[in-house]
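Here's the structure we're looking at; comments come further down.
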Number of protein chains: 2
Amino acid sequence: MSSTTKLTPKGAATRARIVEAAADHILAHGVGGTSLDDIRAGTATSKSQLFHYFPGGKTDLVAAIASFQSERVLEAQRPFLDTLDTWEAWEGWRKAVVAHYGSQAHWGCPIGALASELIASDPAVSDEVAAYMDRWRGYLQAGVTRMQAAGLLRADAVPETLALSIFAALHGGLLLTQTMQSIEPLEAALEGAMAALHAWQAPTRPSLSEVGSESLA
Amino acid sequence: MSSTTKLTPKGAATRARIVEAAADHILAHGVGGTSLDDIRAGTATSKSQLFHYFPGGKTDLVAAIASFQSERVLEAQRPFLDTLDTWEAWEGWRKAVVAHYGSQAHWGCPIGALASELIASDPAVSDEVAAYMDRWRGYLQAGVTRMQAAGLLRADAVPETLALSIFAALHGGLLLTQTMQSIEPLEAALEGAMAALHAWQAPTRPSLSEVGSESLA
């Protein structure tokens, strides 16, 4: 966001419009298949305008797109992502993730598509992606920690490991939506992840299953 | 394997040696960073030899590498992958997968690395990868089906969905080993996948947890 701090509200809106249009073009054609001329044509922007908003050219623009896509993905998981302190919130989160990726024009992860093309060659994009992944995983881990603090998960559950397994399931499911051209793998992956979380449910709610409670006796 | 059927045993061994060396080079440098000259130099092979074994040039060679890496990955999961009809077999499989990917020179999936670079442009590689993914997932699904037939999993478990969730967890964990440069996400992902499988355990073994058994009553 640092490069937008000096823009007027109108300038920021124009910049955002360019980023959004460029993001869609890159999703459809890849980074290699997208030139600055394509983006100028698609957004009715002049060359000088483009360099005003993205002084570093394509590199700057792609980093801005990574940031934009990250916000869009995280935004689609709100308000659930900020709390995740009840089973209902996790269920809401799961549905929001499936709905978001199911409604996209392309299967798979829009950040992953950028990342796999550029992560080796472009440190700015690579850093942006790593920070975003850490942030996302951090939300899940905070949620698992809150569940444990609220007594909903067993005291011997390890929030870091559980969050990592949920995060991995999500990304594997997302990867397979691309291979299989279907939402099913993401649905199955997140159902599995939720079952794995429930396996650590604290034995204080007799109406639900008491997984492994005997090992605490 | 069809293109090797006319080779002598010695010829097949030479071809295999070229594929293995080329696979390692491509893992380290990417498809784009690997020329046929690199492979000739690395394997002490003449140009005519290379075209004898791979008439289609680099495209043929890369498809052969995808096939070779696929066999290597599946081989590392044997003998577990062929049966998976007990909890012990699944546990053995889980450990074999972690050990295999933990011992590789590069984090992440060697097929995925090829696939993400070539899947759009090279139908031969794309078909090879899709067939391999289906085969691998098929082994897991056959295992879950056997567990159910043996009465180890509940009758209302859906083998296709369970296998898909385990497969997704594995690939997500593998993807994150690359982002995080650690085996931890794969370990966490497979622990989660096994917990999700155990959630469907049939209530016939009182010494283990009886997940959701009340819903059968």
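Nothing in this text is a laboratory measurement; each read-out follows from the coordinates by a stated rule. The model shown is predicted, which means the values in this text are computed figures rather than measured ones. With ideal geometry, Cβ positions are generated from the backbone for all residues, glycine too; neighbour counts draw on all protein chains shown.
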**Message:** Checking the structure you have, find out if any residue of the stretch B:54-74 is touching a residue at least 60 places away in the same chain (Cβ under 8 Å), under 24 Å from residue B:192 (Cα atoms) and not acidic (Asp, Glu).
**Reply:** yes
**Prompt:** Cβ-Cβ below 8 Å, separation at least six or inter-chain, first residue in the stretch A:139-155 and under 20 Å from residue A:168 (Cα atoms) and touching a residue at least 24 places away in the same chain (Cβ under 8 Å), second crowded, with 20+ Cβ neighbours inside 10 Å and of a type in the set (Gly, Ala, Ser): which pairs?
**Reply:** A:140/A:163; A:143/A:163; A:144/A:163
**Item:** Hits in the stretch A:132-145 - residues which are within 11 Å of the chain's Cα centre (by Cα) and of a type in the set (A, V, I, L, M)
**Value:** A:133
**Complete:** Of the residues in the stretch A:1-49, those that are surrounded by 16 or more Cβ atoms within 10 Å (Cβ to Cβ) and over 30 Å from residue A:107 (Cβ atoms) come to A:14, A:49
